[in-house]
1. Inside segment 1-82, counting only helices (runs of 4 or more DSSP H) that do not spill past its ends, which hold 2 or more residues that are more than 22 Å from residue 142 (Cα to Cα), touching a residue at least 24 places away in the same chain (Cβ under 8 Å) and in contact with a strand residue (DSSP E or B) (Cβ under 6 Å, 6 or more places away or on another chain)?
2. Any idea which of 82, 114, 86 is surrounded by 17 or more Cβ atoms within 10 Å (Cβ to Cβ), closer than 26 Å to residue 52 by Cβ and either at pLDDT 95 or above or touching a helix residue (DSSP H, G or I) at 6+ places or on another chain (Cβ under 6 Å) (or both)?
3. Does any residue of segment 104-111 turn out to be under 22 Å from residue 29 (Cβ atoms) and either under 16 Å from the mean Cα position of the chain (by Cα) or free of Cβ contacts under 8 Å to residues at least 24 places away in the same chain (or both)?
4. For residue 76, work out the one condition from (1) more than 23 Å from residue 151 (Cα to Cα); (2) surrounded by 17 or more Cβ atoms within 10 Å (Cβ to Cβ); (3) in contact with a helix residue (DSSP H, G or I) (Cβ under 8 Å, 6 or more places away or on another chain) it doesn't fulfil.
5. Of (1) in contact (Cβ under 8 Å) with a residue 60 or more places away in the chain; (2) under 17 Å from the mean Cα position of the chain (by Cα); (3) within 16 Å of residue 148 (Cβ to Cβ), residue 126 satisfies all except one. Which?
């Protein structure tokens with residue numbers, strides 16, 4: 001029987017998205033989403049970290065604003081080497097700190113999780129636009145499946 005595929009982190013599977021609202025404690029800070037935690041982690045510069053989290057008016061950024069601002073920060077020198085580990089740590093925090101989300105993750109059973117998108121993200125997801133033709137490394141989906149496997153094994157102990 002073919003493996004179930006979940007290729008949209010929206011609707012019933014919106015909780016898989018890094019934009020899903022849930023406060024995450026990471027590196028001694030609290031973040032409104034895993035996206036905020038990830039973007040904040042990209043730079044060591046305190047001012048740039050603040051800008052990723054707050055607008056000029058002192059209002060918290062949306063996940064989309066945080067992502068946009070994170071694209072313009074001065075990256076940690078080792079960022080390319082550590083970004084997958086950082087994402088893994090953040091997702092482990094997300095699901096271990098929110099039992100209802102962990103239960104939902106477990107309900108995906110052994111489904112293949114693919115961060116399908118139309119915005120040409122071929123590293124963290126798979127782009128389904130006509131130009132990209134379903135290409136991508138799907139690192140976010142791979143990490144989510146790894147987190148699901150690791151936490152399921154721990155819950156059986």
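1. Counting at least 2 such residues, we get no helices (runs of 4 or more DSSP H) at all.
2. Every option except 86 fails the conditions.
3. no
4. (2)
5. Status for residue 126: all satisfied but (3).
The values are calculated or read from the model by the stated rules, or taken from the named source; none is laboratory data. None of the values given here were measured: they were computed from a predicted structure. Ideal geometry is used to build each Cβ from the backbone, glycine not excepted, and the neighbour counts take in all protein chains shown.
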